[in-house]
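Heads up, the thing below is written out as structure tokens.
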Amino acid sequence: MSAFPQAPHFHPARAIDEVADFLADPVKAADFPHILLRFRNDRAADEVGLADLDDAQWVAHFGRFAPLPGSLPEPLALRYHGHQFRVYNPDIGDGRGFLFAQMHDRNGRLIDFGTKGSGQTPYSRFGDGRLTLKGAVREILATEMLEALGVETSRTLSVIETGEQLHRGDEPSPTRSAVLVRMSHGHIRIGSFQRLANLGEDENLRRLVGYALKHYYGEEAGEDGPVRLLRHVVARTARLAASFMASGFVHGVLNSDNINISGESFDYGPWRWTPSFDPGFTAAYFDEQGLYAFGRQAEAIHWDVAQLANSLLGIADRDALVEAIEGYAPAYREAIVTRVLWRLGVAPRGPRDDIAAVTALETALYATRASIDRFYFDWAGGRLRHPDEEGLYAGDEFTALAAALASHQSARSLDHDYWARPQPCAMLIDEVEAIWAPIAASDDWSALENKIRDIRQLGEAMSL
């Protein structure tokens, strides 16, 4: 392997050393029989000074997991418990992934490099520690689309095919395998706090609070540190829930071990974009009660954050924690207005007018046959941009919506080529399957490559 290129903004970190003694276990990556680079996200890599790696260096670090200079000397599997579909499970942890490295990005933010499919750990239980290649492709699509829609999400940095044949009960087997590396600001889950509280490790709980405040929120720990951390997590997760709703996205598995205290979405399994504004739409076939349905995601995330509050009861004032968790509902109400107006591309006018506009919009969406993506595309800037030849917006609900938006001004340039297209960029399950099919059949990756370009065009248009 050639010498490691170090860009001026390559700043490796080892912040996790502050808490690794009680938070993580050193592990080794699987020795894969085959390494074939399938996806590298140079746009994300450039933010941490890694875009100049050649392909051989890339696969050495993200397929064989040679340590990045100056960062962690060995991977760490994180320890956590969690509520899974509201049932407490103390027998979990990083079972097919680990924290591989830490960096600081151009803006000085701590960035964690986590993996998926990198091999067995002490928490694998009966799992093989692997990831299907189809699962990796799905995670690329989810993270690219969510990023384009302004959702705080982990980002898929790398996907490498690993040459193993995996057997899975919920898809055709044997199937191809992969290892994925994701970048995120934070890698600490609510479940890690739950584990420490469950074990009565109050001093380590205080240390983890201090770590989170320092590295995710730029604050020092103190007597009121647990309450301040909870307030931050309440605000960030309320915004995340609102972003899911504005995007039409259904995560599928919002267990407390899948909620990151930095407020980023991550770990994409049975996700879906809902075809219409259907509050009962679910992503996971095993979510038989609709616990994590589209319209219940804010409730589910609130419940998870309440488990964080419960975990802090031993080291913080109960009344202050209750007050903090009660801030979730107003934070969500504010965030949903902000996120919907942003996606629509209109400037806020004031609470009364903005709430009325968002209420009218949700009522209209519920009534129309149009998909959420199609609606936001047709109504970009707050006005219907062309004649409604299909009669999608003919009902009284859209008359009311037009009236509610009449005083709002456009806040987005519509000069980008994206807005001249006949159809919006969307991510419904039929297209996901259509993108995977030629990869499975003939190793043809062109549909995925084209879709990534399409999504990034959407992201450019939304940022103007």
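The values are calculated or read from the model by the stated rules, or taken from the named source; none is laboratory data. Keep in mind it's a predicted model, so treat the numbers as computed, not measured. Here the Cβ is made from the backbone with ideal geometry for all residues, glycine too, and neighbour counts use every protein chain on show.
Structure notes:
- Hey, LEU458 under 18 Å from ALA148 (Cβ atoms) and modelled with pLDDT under 95 or not: no
- Top-ranked residue of the range 37-75 - restricted to ones that are in a loop (DSSP other than H, G, I, E, B) and among the aliphatic types (A, V, I, L, M), ranked as nearest to the chain's Cα centre (by Cα): VAL48
- Test for TYR366: is it more than 25 Å from the chain's Cα centre (by Cα), over 30 Å from GLY191 (Cβ atoms) and either modelled with pLDDT of 95 or more or not polar (S, T, N, Q) (or both): yes
- Comparison of VAL305, VAL322, VAL340 shows that the only residue that is surrounded by 17 or more Cβ atoms within 10 Å (Cβ to Cβ), modelled with pLDDT of 95 or more and over 22 Å from GLY210 (Cβ atoms) is VAL340.
- ASP319 being in a helix (DSSP H, G or I) and not aliphatic (A, V, I, L, M): yes
- Candidate set from the range 36-70 (those that are surrounded by fewer than 19 Cβ atoms within 10 Å (Cβ to Cβ) and in contact with a Pro (Cβ under 7 Å, 6 or more places away or on another chain)); member that is nearest to GLY117 (Cα to Cα): PRO67
- Check on GLY150, in contact with a Pro (Cβ under 7 Å, 6 or more places away or on another chain), over 23 Å from ASP25 (Cβ atoms) and in contact (Cβ under 8 Å) with a residue 24 or more places away in the chain: no
- Evaluation of SER262 against (1) crowded, with 24+ Cβ neighbours inside 10 Å; (2) among the hydroxyl-bearing types (Ser, Thr, Tyr); (3) closer than 20 Å to ASP430 by Cβ (one fails), failing number: (3)
- Filtered residue count, the range 82-127, keeping only those that are under 30 Å from ALA440 (Cα atoms), hydrophobic (A, V, I, L, M, F, W, C) and surrounded by fewer than 22 Cβ atoms within 10 Å (Cβ to Cβ): 1
- Counted residues, the range 329-372 - those being of a type in the set (S, T, N, Q) and either touching a Pro at 6+ places or on another chain (Cβ under 7 Å) or under 27 Å from GLY263 (Cβ atoms) (or both): 3
- Count of the range 16-35 residues, restricted to those that are touching a Pro at 6+ places or on another chain (Cβ under 7 Å), assigned to a loop (DSSP other than H, G, I, E, B) and among the acidic types (Asp, Glu), is 0.
- Hey, ARG130 surrounded by fewer than 18 Cβ atoms within 10 Å (Cβ to Cβ) and out of contact with any Pro (no Cβ under 8 Å at 6 or more places or on another chain) or not: no
- Top-ranked residue of the range 1-15 - restricted to ones that are outside any helix (DSSP H, G or I) and of a type in the set (A, V, I, L, M), ranked as modelled with the lowest pLDDT: MET1
- ALA283 being in contact (Cβ under 8 Å) with a residue 60 or more places away in the chain, out of contact with any Ser or Thr (no Cβ under 8 Å at 6 or more places or on another chain) and on the phi < 0 side of the Ramachandran plot: no
- Remark: pairs (first residue in the range 327-346, outside any helix (DSSP H, G or I); second residue basic (Lys, Arg) and surrounded by fewer than 22 Cβ atoms within 10 Å (Cβ to Cβ); Cβ separation under 7 Å; 6+ apart in sequence or on different chains) = GLY327/ARG231; GLY345/ARG412.
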